[in-house]
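This report refers to the structure that appears directly beneath it.
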Amino acid sequence: MYYNFVTFDLMQLSRYIQELLYQYECVTIPQFGAFLTRSFKAKIDHKGVFYPPRKEVNFNQLLFVNDGLLAHFIARRENMSYESSLRAIEKEVSSMKKRLQTQIILFPGVGEIQLNRDKKIQFTPLDKINFEIKSFGLHTYHRQTIIKVSNESNPKNIMDDTNNDNLMFTPEQKENKKKSPIFRYAAVGIIGLALFGASYYFGDRYVTEQQVAEQEKAQKQIKLNVQEAAFDIGSLNSVNLSVPANPIEKIVLDQIYFSVIAGSYRYMKNAENKVAKLKAEGYPAALAEVNPKGLYRVAYGRYNSKKEAINMLYFLKYTLKEDAWYLEER
């Protein structure tokens, strides 16, 4: 059932706007402006006043295009058509614009609107209204300062008598009492330094031993990985070469070496050039044991202990990012 020429006053319009502001962030009055809500978290100011979570309302006269929210809401509440509701709103807006020229328009439960000296709309919200539904029943209150009450039944007993030390002492005893805390602190410091040094020594030794153990596990897999250049040069004609009677003698080991290998080469000349280059860079480079395939190994250095070799290997791989591997020459 539709009603024609239905009207309602500003009091009813304000009540509808207030109800919508609890549910929506923007309620637009067509051809007049929009009420907007802004959320704030709970807080306690410097004076100890607690504010619950809240939504404050503001007004923007630039948002005046009808979005249908207010008209549809009034149509359902007043049991009228959307067109009748919209005409009633337009009639009330026309009346508000005329009254705004000479007086303040009050929206009960929301705020008040008036024109300032520049003839622009100025909105003043009602501070007591909180449009945050989750804060229903929560109010602003002043937090009382907690005062610590001291239980002093007998003010005369200022000195604590729990430590019944003999107050009679000599200057020598007094001097010893002053020095004893210093000696205690010095003893604690010495013990701490001793514990720190022991933990550092044994910790470094344990890490080194673990590195050596892990390196030995991988020794069998990396021992066969050599840098070997392979080139496809096609088929070649046979060439007669005269080979000298004295072949190159292999390096004979008279002791165990722990080497960090830089690469393996097919020709001795290339291996010697690599050794010379590494020595120029400051490494104790040398030729290592020839591998089973007859390749000449070049080492960054050959050491008498595993620890030195492992330290050099980790320095090359993880600090200088160089390709190197560990070889135990027996």
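Bear in mind that the values in this text are calculations on the coordinates, not laboratory data. Bear in mind the structure is a predicted one, so any value in this text is a computation, not a measurement. Please note: Cβ atoms are built from the backbone with ideal geometry, for glycine as well, and neighbour counts cover all protein chains shown.
Values for this structure:
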item	result
Inter-label distance for Phe183 and Ser135, nm, one decimal - labels placed 7 Å from Cα along Cα-to-Cβ	6.6
Trypsin sites (Lys or Arg not before Pro) within segment 15-63: DSSP coil, no more than 10 neighbouring Cβ in 10 Å	Lys41, Lys47
Between segment 52-126 and segment 21-48, the alpha-carbon center distance in angstrom	15
Summed residue charge, Cβ within 15 Å of Gly68's Cβ, Lys/Arg positive, Asp/Glu negative	0
Cβ-based exposure ranking for Ile105, Ile29, in which fewest neighbours within 10 Å come first	Ile105, Ile29
Two-site label geometry, Lys120 and Ile147: point separation in nm, points 7 Å out along Cα→Cβ	5.0
FRET efficiency, 1/(1 + (r/R0)^6) with R0 25 Å, evaluated for Ser95 and Val65 via beta carbons	0.75
Exposure proxy order (Cβ contacts within 10 Å, fewest to most) of Leu13, Leu63	Leu63, Leu13
Phe315, Phe59 arranged by Cβ crowding within 10 Å, fewest neighbours leading	Phe315, Phe59
Radius 11 Å from Cβ of Thr140, net charge of other residues (Lys, Arg +1; Asp, Glu -1)	+2
Rg ratio (alpha-carbon, reference 2.2 N^0.38 Å) - segment 10-142	1.15
Residue-count net charge about Asn130 - beta-carbon cut-off 11 Å; Lys, Arg +1, Asp, Glu -1	+1
